[in-house]
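One structure is given below, encoded as structure tokens.
The values are calculated or read from the model by the stated rules, or taken from the named source; none is laboratory data. Model, not experiment: these values are computed from the prediction. Neighbour counts are summed over all protein chains in view; Cβ atoms, including those assigned to glycine, are modelled from backbone coordinates with ideal geometry.
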Amino acid sequence: MTDFDLIVRNAHVITASDIFDCDIGIQGGKIVQLGQALGTAAREIDAAGRTVTPGGVDAHCHLDQPMTPPTKTADDFDTGTRSAACGGTTTIIPFAAQQKGQSLRAAVEDYRARAKGKAHVDYAFHLIVSDPTPKVLQEELPELIREGFTSFKIYMTYDDMKLDDGQILDVLDVARQHGAMAMIHAENSDCIEWLTKRLEASGRTAPRFHAHARPMLVEREATHRAIALAELVDVPILIVHVSGREAVEQIRWARAHGLNVFAETCPQYLFLTAEDLGIDDSYKGARCICSPPPRDKANQQVIWDGLNDGLFTVFSSDHAPFKYDGIEGKKPNGQEVEFRHIPNGIPGLETRMALLWSEGVLAGRMTANRFVELTSTGPAKAYGLHPRKGTVAVGADADLVIWDERDFVLTNEMLHHEVDYTPYEGMRLKAWPGLTLSRGEVVWDGRDFHPQPGRGELLARGAPTLLPTRR
Ligand code: DUC
Ligand code: ZN
Ligand code: ZN
């Protein structure tokens, strides 16, 4: 008889608040003991000299999300969670998206079926509410929140998803009454359409003009409006994929006025600029089209500052996997099309953790504690998964990353998603996960992925725990 299923020995553990050296005793997929010189185990892993962090929680990614043909996400729950595991992410939260006219319940059941038997790591679903009918507001959404779908996304742009201000107020009111987290995609739809038409009228349709159609002011205006709507209802919100200074200023203003406005940003706003969409009319820039678009170097620094000073709670990938070549991706029906028809989004599930560890922590821009808070603990708290996920503690799931420090050049060939490019091709990185454990099982050993489709569980979630709750 051994004391544990697994001991990770000599771990240099980083959590959001602490740094300590210990052995980690794992039994039944949980961390059951942290201590020095723990007893015996069926299996041991020696982490001597290496850092151990909680597995990543990627709280914003799009996998097998229904799209208008020919567009299709390249990754499903099999390839998406494979890619997550190999990049040190052990929990993902993609979106069960309601189509207009569809019941929200049907959207969840459809998405449950898409995930079934495929995931290699644990997952949960946010909802996307695109049709807030009386039935959705009064029955479906409250029931789904009670069942553990405790967050949903509201779009202020895209014709097939967007809500008007009155609808947003109605949906925020449900979040308030039932204790859910409302995530907001903040861009002014009418401004984007107006600018897009003017660009098209003057023949400016190359990928780089996507950024011209979505300047920071369209994000600033919508961010401010979302904040005002949330203030009116008196409910916390989380603004997703914040790209730069103007939205950041609105969020700082809200915080200074005592409003509970949380924020998420993504690697593309640290490592890409609008120039990656093209400095001429080449179509290659389609690879980096995402919304909001990447800005400039000065705005990258604004995002770094917000990551460090607590403005941001969540660092997600916003993995929206569309192939560059292939009729279902960036070239719909195989054609080089006007920017308005290019699917919005870029891949990043697998690279999120290593980019921030390497360019943030190892480059001296961010503490290791803050890294853990942004990539794991913060998202787990924002979306009701903490303390089961997001930390290294007794009672938590044994979701761990052991880091390997080594210099290398990132290439898409290394990656395990189904997308045919990475926007970060050729970047020099200083580290990569050398081992990923999901509930005590090795899913990535630094060289090989260990597939077990279906072992990933759909997680029921509690209420967000970022704010004190009245009992
Ligand atoms: N919004 C997202 O959240 N992801 C991809 C594209 C978008 O506009
Ligand atoms: Zn969005
Ligand atoms: Zn997204």
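The residue list 124, 119 contains one member that is more than 16 Å from ligand 1 (Cβ to nearest atom), in contact (Cβ under 8 Å) with a residue 60 or more places away in the chain, within 22 Å of residue 75 (Cα to Cα) and touching a Leu at 6+ places or on another chain (Cβ under 7 Å), which is 124. In region 343-357, the residue that is nearest to ligand 2 (Cβ to nearest atom) out of those that are small (Gly, Ala, Ser) and assigned to a loop (DSSP other than H, G, I, E, B) is 345. Reported count of residues in region 297-350, each being within 21 Å of the chain's Cα centre (by Cα), among the aliphatic types (A, V, I, L, M) and away from ligand 3 (no atom under 16 Å from the Cβ), is 4. Among residues of region 100-124 being assigned to a loop (DSSP other than H, G, I, E, B) and surrounded by fewer than 19 Cβ atoms within 10 Å (Cβ to Cβ), the one that is farthest from the chain's Cα centre (by Cα) is 101. Scanning region 255-276 turns up one or more residues that are more than 16 Å from ligand 1 (Cβ to nearest atom), over 21 Å from residue 170 (Cβ atoms) and touching a strand residue (DSSP E or B) at 6+ places or on another chain (Cβ under 8 Å). Does region 412-430 include one or more residues that are surrounded by 17 or more Cβ atoms within 10 Å (Cβ to Cβ), of a type in the set (Val, Ile, Thr), in contact with a Leu (Cβ under 7 Å, 6 or more places away or on another chain) and under 26 Å from residue 328 (Cβ atoms)? The answer is yes; a qualifying residue exists. Within the option set 361, 394, 314, being closer than 26 Å to residue 469 by Cβ, modelled with pLDDT of 95 or more and surrounded by fewer than 24 Cβ atoms within 10 Å (Cβ to Cβ) holds for one residue only, 394.
Considering region 6-32 alone, what residues qualify as being among the charged types (D, E, K, R) and part of a strand (DSSP E or B)? Steps first, please.
Keep residues of region 6-32 that are among the charged types (D, E, K, R), which gives 9, 18, 21, 23, 30.
Answer for region 6-32, where residues must be among the charged types (D, E, K, R) and part of a strand (DSSP E or B): 9, 21, 23, 30.
Number of residues in region 431-456 that are part of a loop (DSSP other than H, G, I, E, B) and either surrounded by fewer than 17 Cβ atoms within 10 Å (Cβ to Cβ) or of a type in the set (Lys, Arg) (or both): the value is 11. Look at region 223-248: where a residue is free of Cβ contacts under 8 Å to residues at least 40 places away in the same chain and a partner is among the hydrophobic types (A, V, I, L, M, F, W, C) and away from ligand 3 (no atom under 16 Å from the Cβ), sitting 6+ places away or on another chain with Cβ atoms under 7 Å, you get 223/251; 227/254; 227/259; 227/261; 231/259; 246/216; 246/217. Among the numbered conditions (1) within 23 Å of residue 265 (Cβ to Cβ); (2) in a strand (DSSP E or B), the only one that residue 405 does not meet is (1).
Filtering region 154-165 for residues that are away from ligand 1 (no atom under 16 Å from the Cβ) and modelled with pLDDT of 95 or more leaves a non-empty set. Contact annotation: residue pairs with Cβ atoms under 6 Å, 6 or more positions apart or on different chains, pairing a residue in region 20-34 that is in contact (Cβ under 8 Å) with a residue 40 or more places away in the chain with a partner that is surrounded by fewer than 16 Cβ atoms within 10 Å (Cβ to Cβ) and part of a loop (DSSP other than H, G, I, E, B), are 31/394. Scanning region 186-221 for residues that are without any contact (Cβ under 8 Å) to a residue 12 or more places away in the chain and either buried (at least 16 other Cβ atoms within 10 Å of the Cβ) or part of a helix (DSSP H, G or I) (or both) yields 190, 193, 194, 197, 198, 201, 204. For region 33-75, a residue qualifies if it is more than 16 Å from ligand 1 (Cβ to nearest atom), buried (at least 19 other Cβ atoms within 10 Å of the Cβ), within 25 Å of the chain's Cα centre (by Cα) and assigned to a loop (DSSP other than H, G, I, E, B), and exactly one does: 55. Does residue 183 meet the test of being buried (at least 17 other Cβ atoms within 10 Å of the Cβ), under 30 Å from residue 336 (Cβ atoms) and either within 14 Å of ligand 1 (Cβ to nearest atom) or at pLDDT below 95 (or both)? Spelling it out, it is not the case that residue 183 is buried (at least 17 other Cβ atoms within 10 Å of the Cβ), under 30 Å from residue 336 (Cβ atoms) and either within 14 Å of ligand 1 (Cβ to nearest atom) or at pLDDT below 95 (or both).
From the list 80, 88, the one residue that fits, being more than 14 Å from ligand 3 (Cβ to nearest atom), crowded, with 24+ Cβ neighbours inside 10 Å and closer than 18 Å to residue 399 by Cα, is 88.
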